[in-house]
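Shown next, in structure tokens, is the structure this report addresses.
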Amino acid sequence: MDFELKTLDLAGAATEKSDVLLVLVTDGFQAGKDPVSRLVSAALAGRDLETKPGKLLQAYRSEGIAATRVILAGAGDGSGKKMHAAVQAAASLLRNGTARKLTIVLPAQAGAEAVRAAVCGTAESSYVYIATKSKPEARELKKVVIGVADAAAQRQAFLRAKAAAVGIEFARELGNLPPNYATPTRLGEEAVKLARAHGFKAEVFGPKEVAKIGMGSFMSVAKGSAEPLRFITLRHDGGAKGEAPVVLVGKGITFDTGGISIKPSAEMDEMKYDMGGAASVLGTFRAIAELKPRLNVIGLIPACENMPDGASYKPGDILTSLSGQTIEVLNTDAEGRLILCDALTYAERFKPRAVIDVATLTGACVVALGGVRSGLFATDDELAGQLMAAGEAALDPCWRMPLDDEYGEGLKTNFADVANVAGRAGGAVTAAKFLHRFAQNYPWAHLDIAGTAWKGGPAKGSTGRPVGLLLEYLLRQEAAGAGKAADRKGAKARGRAAA
Ligand code: BES
Ligand code: MN
Ligand code: ZN
């Protein structure tokens, strides 16, 4: 899909040729003397349109308007969230339709959040999965013009929103692929493809290399599967040489049967989404490719299946992790933490400024937070605050959860340094406490996306979360770093002037 940013007021919007013109109408709508204004004013006066988000009114071949179809959409107070809801409601009218060109005209006072909502909202609601359909009906919408009061002023917001949309869609597509397509091998290939196309460095390890490194915990989870494991490293060296990187770690269980502690059959197909963390790391790199931030970013993805088999790891097994800590397996369905712990230890070698792992880790997190906010755990208040703020801005929110040591008590065992599960109570927190043991040597955050990575039911599908959050966090880190670099330069110049 092709997006274009244009300076456009309501009068300009009336003359813009397109299949559909979408007008976002906020509280206190200011009418001009143009045909679009007349239409909106009449609809508001006749109470056939309200400014409440979600309220829609359509018109066909309306007098003085070049677009074939007009959709008026209430957008409330014009906040990012309301705008997003309005765009989504309107754009879903176009799904399975024939519209190829859409023009969206934003209110005159609209800022960066509104631009983001318009771009991401249309991308999101026009996405169709076709990869494994025999008669694919692809997305009809080809071109979206975003009309704002001052295109130059919104240029950066527009480019960032486009990058987010591309990254989110990449993650959704990978997430939605069936588990016999999105294998660990395929994830490795996708990483290499991304690297070749956009100038990242990629390194993909198989079972031999992983054994040599000593990732005994990760290797054990993969034992029952006929699909060989992969350990993927992606690097974006956008920052200064030697500058400490941000490391993103994504859980890449391409199918989670539970292993010997097998899951019930109902909805087990959804465990293809258990690589949502990995998909979000790859999606974030896809977005990074668009913007090339001046920042060093490393992505780490342990990828394998969790299957029952004669060769599977089993309850009672003691694993030796890369950190040296021994782990007693009490439930083979708590496999995510077992692949992540070795990746977290591996992350130490990059001397990171922060490590953020992303994982569909626990059903308990779905119980705690549902599908609205991802669970956020962090050892560092500053990092936690940055991720919270990024999530709010990107409309991809999270919520901080605790890490008190008392939550780790249940992981004690007589036979190893730690057990892989505690009791049922506080399951999202005890899982995080397990990971915490392996993330002692850098500022660390963990995002449990079990409730947010995909939707079930009739709208079943990957959401691409938390690509929006991660990208926003990285861009803010870049801005902060640029600020610091400017300070250093300034100080140097001042030093020279003084001398
Ligand atoms: N991938 C699942 C977590 C999950 C379950 C995410 C349902 C989304 C929906 C994870 O590997 C898992 O099975 N966790 C267990 C942990 C338990 C055995 C301590 C869980 O949550 O039931
Ligand atoms: Mn599991
Ligand atoms: Zn899992």
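The values are calculated or read from the model by the stated rules, or taken from the named source; none is laboratory data. Quantities reported herein were computed from a predicted structural model and do not represent experimental measurements. Backbone-built Cβ (ideal geometry, glycine too); neighbour counts: all protein chains shown. Side chains included, ligands, DNA and RNA excluded: accessible areas come from the protein's heavy atoms. Shrake-Rupley method; radii C 1.70, N 1.55, O 1.52, S 1.80 Å.
General remarks:
- Shape call, segment 266-351: gyration tensor on alpha carbons, a/c limit 1.5: oblate
- As a length-normalised measure over Cα pairs under 8 Å and 6 or more apart, the relative contact order of segment 6-133 settles at 30 percent.
- Here the 3J(HN,Hα) profile of segment 226-240, calculated from phi with Karplus coefficients 6.51, -1.76 and 1.60 at θ = phi - 60°, is 7, 7, x, 5, 9, 10, 9, 10, 10, 10, 10, 9, x, x, 5 Hz, Gly and Pro shown as x.
- Taking the inverse of the mean reciprocal distance over all distinct Cα pairs, the Kirkwood hydrodynamic radius of segment 131-248 comes to 18.0 Å.
- Structural descriptor for the chain: relative contact order 14 percent, calculated from alpha carbon pairs under 8 angstrom and at least 6 residues apart.
- C-alpha center-to-center spacing [segment 430-499, segment 216-263] in angstrom: 19
- Rounded is the label for segment 3-96, because a/c, from the alpha-carbon gyration tensor with a ≥ b ≥ c as root eigenvalues, stays below 1.5.
- Accessible carbon and sulfur surface of the chain relative to its total accessible area, %, 1.4 Å: 51
- The local environment of Gln30, defined by Cβ-Cβ distances under 15 Å, has a net charge of -2 under the rule Lys, Arg +1 and Asp, Glu -1.
- Size descriptors for the chain, from the alpha-carbon set: Rg then Dmax equal 24.4, 80 Å.
- Applying the criteria of a DSSP loop state and at most 11 other Cβ atoms within 10 Å to the trypsin sites (Lys or Arg not before Pro) of segment 113-150 yields Lys133.
- Most positive-pole-ward Cα, Gln58, Pro178, Ala226, against dipole of the chain from beta carbon charges: Gln58
- Long pairs among Lys223/Lys292; Lys193/Lys455; Lys208/Lys263; Lys241/Lys272; Lys193/Lys223; Lys55/Lys101, criterion Cα-Cα beyond 31 Å: Lys223/Lys292; Lys241/Lys272
- Sequence-ordered 3J(HN,Hα) estimates for segment 337-349 from the Karplus curve with 6.51, -1.76 and 1.60 and θ = phi - 60° stand at 4, 6, 8, 6, 4, 5, 5, 5, 5, 4, 4, 4, 5 Hz, glycine and proline given as x.
- Summed residue charge, Cβ within 13 Å of Asn441's Cβ, Lys/Arg positive, Asp/Glu negative: +2
- Rel. contact order, % - alpha carbon contacts under 8 angstrom, at least six apart, segment 122-273: 22
- Note on segment 78-163: semi-axes of the ellipsoid equivalent to its C-alpha gyration tensor, largest first and rounded to whole Å, are 25, 12, 11.
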